[in-house]
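Structure, as structure tokens:
The values are calculated or read from the model by the stated rules, or taken from the named source; none is laboratory data. If you're wondering where the values come from, they're calculated on a predicted model, not measured in any experiment. Backbone-built Cβ (ideal geometry, glycine too); neighbour counts: all protein chains shown.
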Amino acid sequence: MELLKRRILQDGRCFPGGILKVDSFINHQMDPILMKSIAVEFVRRFAGQDFNKVMTIEASGIAPAIMVGYLLELPVVFAKKKQPKTMENMLSTTVHSFTKDREYSVCISHDFLNPGDRILFIDDFLANGNAAQGCMDLIVQAGAELVGMGFIIEKSFQPGGKRLREKGVKVESLAIIESLDNCKIQIRD
């Protein structure tokens with residue numbers, strides 16, 4: 001994903017504390033051409049895997065997940081960070097947000113995440129892996145099975161990727177950030 005790496009270096013902004021902002025092209029304002037290329041690459045990397053649903057967590061994972069679902073003609077389901085009053089058959093778990101430094105509940109309706117479902121999880125960032133592990137918990141609660149996890153950007157200097165891989169999860173990250181030391185973005189080749 002050279003296109004993605006170039007865009008991170010060109011338009012990404014680094015802030016103290018290991019924060020990388022890509023809000024001008026991924027998670028606030030989106031570049032739909034880049035998002036399509038990202039989805040095509042996820043489809044390529046997970047080719048041959050047997051899954052019947054794409055899952056993400058709101059909000060920044062929705063766009064890439066929908067693009068993947070569209071290309072594969074599969075339904076996309078997402079975990080919500082606020083419990084809607086109208087949600088029935090709710091499954092829930094607690095997740096700690098690295099960016100916001102707080103805990104929150106995430107939930108999903110069991111009506112849309114069923115026993116026997118085989119799930120491909122897609123999200124924008126993998127840092128500590130808390131959102132991913134929370135969604136894994138929802139998948140287990142539903143009696144579904146996780147097939148793999150795809151992330152647009154992984155921060156390899158944080159433990160999320162290592163933790164997921166140690167659990168045997170197939171993880172595909174399109175751009176791996178090695179370091180944000182001194183607010184200099186270093187991407188793995």
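At-a-glance table
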quantity: Top-ranked residue of region 140-189 - restricted to ones that are of a type in the set (Lys, Arg), under 22 Å from Ser37 (Cα atoms) and surrounded by fewer than 18 Cβ atoms within 10 Å (Cβ to Cβ), ranked as nearest to the chain's Cα centre (by Cα); calculated: Lys170
quantity: Residue identified as under 14 Å from the mean Cα position of the chain (by Cα), in a loop (DSSP other than H, G, I, E, B) and β-branched (Val, Ile, Thr) among Ile66, Ile26; calculated: Ile26
quantity: Residue match in region 33-56 (condition: small (Gly, Ala, Ser) and part of a helix (DSSP H, G or I)); calculated: yes
quantity: Residues (touching a strand residue (DSSP E or B) at 6+ places or on another chain (Cβ under 8 Å), among the aliphatic types (A, V, I, L, M) and at pLDDT 80 or above) located in region 64-104; calculated: Ala65, Ile66, Val68, Leu72, Leu74, Val76, Val77, Ala79, Leu91, Val95
quantity: Test: residue in region 31-44 that is closer than 24 Å to Lys100 by Cβ, touching an Asp or Glu at 6+ places or on another chain (Cβ under 8 Å) and either at pLDDT 95 or above or surrounded by fewer than 14 Cβ atoms within 10 Å (Cβ to Cβ) (or both); calculated: no
quantity: Region 116-129 - residue that is out of contact with any Asp or Glu (no Cβ under 9 Å at 6 or more places or on another chain) and either under 25 Å from Asp101 (Cβ atoms) or not aliphatic (A, V, I, L, M) (or both) and, of those, surrounded by the fewest Cβ atoms within 10 Å (Cβ to Cβ); calculated: Asn128
quantity: Residue match in region 11-20 (condition: touching a residue at least 12 places away in the same chain (Cβ under 8 Å), exposed (fewer than 15 other Cβ atoms within 10 Å of the Cβ) and over 29 Å from Ser179 (Cα atoms)); calculated: no
quantity: Any hit, region 138-145, residues being out of contact with any strand residue (DSSP E or B) (no Cβ under 6 Å at 6 or more places or on another chain) and not aliphatic (A, V, I, L, M); calculated: yes
quantity: Hey, Ala79 under 24 Å from Lys167 (Cα atoms) and within 16 Å of the chain's Cα centre (by Cα) or not; calculated: yes
quantity: Test: Asp137 is assigned to a loop (DSSP other than H, G, I, E, B) and either surrounded by fewer than 17 Cβ atoms within 10 Å (Cβ to Cβ) or acidic (Asp, Glu) (or both); calculated: no
quantity: Those residues of region 155-189 which are closer than 30 Å to Pro115 by Cβ, in a strand (DSSP E or B) and not aliphatic (A, V, I, L, M), in sequence order; calculated: Glu172, Ser173
